[in-house]
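Just so it is clear, none of the values below were taken in a lab; they were calculated from the coordinates. All values reported here derive from a predicted model rather than from experimental measurement. So basically every Cβ, Gly included, is an ideal-geometry build from the backbone, and we count neighbours across all protein chains shown.
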């Protein structure tokens with residue numbers, strides 16, 4: 001597989017344990033108690049969207065569901081709130097996975113921004129229907145910071161798959 | 001050759017179609033949401049899962065704890081001296097009141113005994129510190145550094161030096177989650193100190209409080225103090241809660257009574273988790289009520 005479909009570079013196959021490790025690390029970052037600080041990205045959503053786009057055969061809605069429940073328990077949110085958002089996010093990301101990788105990083109980030117906003121809107125709708133108060137528009141800053149981090153996080157997550165380039169006469173790429 | 005009614009052989013079997021999976025999983029999520037938010041059935045699942053993720057949570061909180069401790073360590077000497085002077089002054093004040101209070105408590109106990117009333121329940125408090133705001137942005141909750149192992153139970157009142165700030169809503173092994181008074185779903189039974197009129201107080205969602213369902217014509221005015229009535233069996237009666245800010249009689253059958261909390265609800269650091277030493281007696285079962293002396297209407301044929 002390539003970093004993007006236009007790239008000439010060939011990547012090593014992904015290791016399943018690395019996917020799990022990255023999701024668990026993201027879960028740990030989500031548990032860091034940042035309080036009411038606006039614009040803290042939703043790490044689990046970001047990493048989940050990344051793997052759903054890169055490896056839709058390995059990571060999908062079931063993974064989103066399980067990690068969504070773990071986020072719900074850890075943050076003391078309503079059970080199923082993040083799970084529902086992540087299931088929809090995983091569905092969107094998987095179904096767009098063939099399209100998104102044709103674009104460069106910035107345009108990919110725009111796609112991801114929309115997905116993250118949809119996921120946040122679902123959570124907002126669920127809690128508002130249940131009678132919670134509106135947390136203010138700064139709530140949606142998390143999606144924008146997540147989209148900004150799409151490039152760096154994606155590079156870090158692909159790092160184990162890059163292999164040293166040793167071109168020669170018989171192997172031009 | 002394929003036959004009608006026979007599906008092709010499952011060579012590339014990849015489970016149910018994505019839309020089917022989406023439908024099944026999101027339905028499951030909605031069911032869980034209703035079960036949790038509406039009925040509270042999933043607290044058990046939450047407890048089990050909390051045990052699993054607890055190490056990860058501690059590891060994640062470690063850097064934040066470190067920063068907070070470092071900040072306390074490097075607090076300036078002037079701040080500490082000012083705080084110390086303030087505390088000494090408060091100590092002297094409260095010592096005087098405490099002396100009188102002990103005498104009054106004894107007198108009260110004797111009078112109650114003379115009158116044949118039940119003894120006032122003794123209280124027990126657990127001192128705690130607010131660690132941080134709860135991460136759920138849709139509610140107003142904070143996390144305390146004391147939990148089930150220190151004797152904190154769900155439902156207890158949480159007070160600071162001035163009055164009530166909230167109620168323990170969920171208990172973890174060494175932490176507890178407190179729903180603040182200003183949360184929309186936090187309701188406190190109160191009474192007006194001046195008149196004894198009872199009512200319920202709830203958060204408005206923007207940091208204020210509102211006393212709900214007050215009839216037009218009730219004797220309530222701006223400046224009245226509200227204290228807990230203790231009717232819920234959870235809170236101790238007489239804790240200061242709020243003062244009335246404005247009374248608006250022009251809207252509908254109920255008076256709109258806006259209040260502001262007495263305590264520093266959203267800024268308190270040192271708090272006390274307060275509850276009765278012994279659990280309150282159970283509410284009597286209406287089935288067990290003794291029959292009236294008056295003749296009962298004949299019940300249906302059984």
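Values as computed for the structure displayed
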| read-out | value |
| --- | --- |
| Residue in the range A:58-81 that is more than 25 Å from residue B:32 (Cα to Cα) and assigned to a helix (DSSP H, G or I) present | no |
| In the range B:46-66, the residues that are facing another protein chain (nearest Cβ under 7 Å) and surrounded by 14 or more Cβ atoms within 10 Å (Cβ to Cβ) | B:46, B:49, B:50, B:53, B:56, B:57, B:60, B:61, B:64 |
| Failed item, numbered, when residue A:163 is tested on (1) without any contact (Cβ under 8 Å) to a residue 60 or more places away in the chain; (2) surrounded by 10 or more Cβ atoms within 10 Å (Cβ to Cβ); (3) assigned to a loop (DSSP other than H, G, I, E, B) | (1) |
| Residues satisfying the stated conditions in the range B:30-57, i.e. more than 26 Å from residue B:176 (Cα to Cα) and touching a helix residue (DSSP H, G or I) at 6+ places or on another chain (Cβ under 8 Å) | B:30 |
| Unique match (being under 30 Å from residue B:44 (Cα atoms), under 13 Å from the mean Cα position of the chain (by Cα) and within 9 Å of chain B (Cβ to nearest Cβ)) among A:85, A:77, A:26 | A:85 |
| Residue list for the range B:233-279, restricted to those being assigned to a loop (DSSP other than H, G, I, E, B) and closer than 23 Å to residue B:193 by Cα | B:233, B:234, B:235, B:236, B:237, B:238, B:239, B:249, B:262, B:263, B:264, B:265 |
| Number of positions in the range A:88-128 that are more than 12 Å from chain B (Cβ to nearest Cβ) and not in a helix (DSSP H, G or I) | 4 |
| Evaluation of residue B:193 against (1) in contact with a strand residue (DSSP E or B) (Cβ under 6 Å, 6 or more places away or on another chain); (2) away from chain A (no Cβ under 14 Å); (3) closer than 26 Å to residue B:151 by Cβ (one fails), failing number | (3) |
| Residue match in the range B:68-79 (condition: surrounded by 10 or more Cβ atoms within 10 Å (Cβ to Cβ), within 11 Å of chain A (Cβ to nearest Cβ) and out of contact with any strand residue (DSSP E or B) (no Cβ under 6 Å at 6 or more places or on another chain)) | yes |
| Hits in the range A:1-33 - residues which are more than 16 Å from residue A:50 (Cα to Cα) and loosely packed, with under 15 Cβ neighbours inside 10 Å | A:6, A:7, A:8, A:9, A:10, A:12 |
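Results for (1) outside any helix (DSSP H, G or I); (2) touching a residue at least 24 places away in the same chain (Cβ under 8 Å), shown as yes or no for each residue.
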site: B:37; (1), (2): no, no
site: B:59; (1), (2): no, no
site: B:66; (1), (2): no, no
site: B:80; (1), (2): no, no
site: B:84; (1), (2): no, no
site: B:124; (1), (2): yes, yes
site: B:132; (1), (2): yes, yes
site: B:137; (1), (2): yes, no
site: B:146; (1), (2): yes, yes
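This table checks each residue for (1) surrounded by 13 or more Cβ atoms within 10 Å (Cβ to Cβ); (2) out of contact with any strand residue (DSSP E or B) (no Cβ under 6 Å at 6 or more places or on another chain); (3) within 14 Å of chain A (Cβ to nearest Cβ).
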| site | (1), (2), (3) |
| --- | --- |
| B:86 | no, yes, no |
| B:115 | no, yes, no |
| B:139 | yes, yes, yes |
| B:146 | yes, no, no |
| B:156 | yes, no, no |
| B:176 | yes, no, yes |
| B:180 | yes, no, yes |
| B:187 | yes, no, yes |
